[in-house]
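No lab work stands behind these numbers, since they all come straight from the coordinates. For clarity, every value in this text was computed on a predicted model and none was experimentally measured. Cβ atoms come from the backbone with ideal geometry, glycine included; neighbour counts cover every protein chain shown.
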Amino acid sequence: MSINLSDPAGEPSPTALPQPYSQACENNKVPILAELKWLFAETKLVLELGSGTGQHSVYFAPNLPHLQWHCSDISANHQGILNWHRFAPSANLRGPYQLDVNQSQWPLAQFDGAFSANTAHIMAWEEVALMFAGVGRGLTVGGRFCLYGPFNYHGRFSSESNAAFDAHLRQQSSHMGIRDIAAIAELAQQAQLHLQQDIPMPANNRLLVFER
Ligand SMILES: C[S@@+](CC[C@H](N)C(=O)[O-])C[C@H]1O[C@@H](n2cnc3c(N)ncnc32)[C@H](O)[C@@H]1O
């Protein structure tokens, strides 16, 4: 199926798009939004870390019109995100900002919501710690950080497919790998972020919700 680029409501076809495309984003955006609707019901400004293709942002922003959705990522991904924002504009979309969690200055000093999908197993463990430290610094008291992805319990994979995915990641780079929820929660505590919810999601993923 091809896509009419003047019709953002049309179903994206990977081959027709000038912007990067992730099938995983198309699969998980609906169940994630269902949770974000209540988790960010009182939120005014969300910083997204590791926006990737930008597909999540163009779906979430118009469906959460009461807040501003601020994208960020390393600069290599900015053009793709901008292409998505041009394809499916929304008045409450901002960014993308340059944000590598290793940098000392973050683009926003304060935000009352934060979101990141599928980043904790891609970043090195030290970078996951920096992500939590940065979110802990910027998130206002009572604000929520929603972190989506696959996670382990007590070092055990929650499915065969997650075990295979972890092996694939570690083959690509030794610093990548599926993280243990307990270790993540400990990092979060050090950043004054407390794990409040561990929500099961389709395809053996979780949505971890931390509160400042
Ligand atoms: C697997 S992609 C996930 C993208 C998107 N959130 C999604 O769910 O499709 C991992 C993302 O983490 C970002 N990332 C990796 N290392 C990072 C770092 N040090 N600081 C910020 N983002 C980083 C990558 O640029 C990429 O966008």
What nm distance separates the two modelled labels at Ser159 and Gln79, each placed 7 Å from Cα along Cα→Cβ? 3.4
For Gly143, the residues 5 or more places away or on another chain with a placed amide H closer than 5 Å to its own amide H are Arg212
For the pair Gln196 and Ala34, how long in nm is the line joining their label points, each one 7 Å along Cα→Cβ? 2.1
Between the alpha-carbon centers of region 74-126 and region 35-57, tell me the distance in whole angstrom. 10
Contour minus end-to-end for Lys44 and Asn92, with contour as 0.36 nm per residue of separation and end-to-end as the Cα-Cα distance? 16.2 nm
Loop-resident sites, region 15-82, for trypsin sites (Lys or Arg not before Pro), counting at most 13 other Cβ within 10 Å (DSSP): Lys44
Taking the simple approach of a point 7 Å from Cα along Cα-to-Cβ for both Gln23 and Ser174, what is their distance in nm? 3.2
Just from its helices, what would the mean residue ellipticity at 222 nm be for the chain, if runs of 4 or more DSSP H residues each count -39500 (n - 2.57) and the sum is divided by every residue, rounded to the nearest 500 deg cm²/dmol? -10500 deg cm²/dmol
Got the relative contact order for the chain handy, in percent, Cα pairs under 8 Å and 6 or more residues apart? 17
Packing-based ranking, highest mean first, of 122-134, 187-199, 46-58 given that Cβ atoms within 10 Å are counted: 46-58, 122-134, 187-199
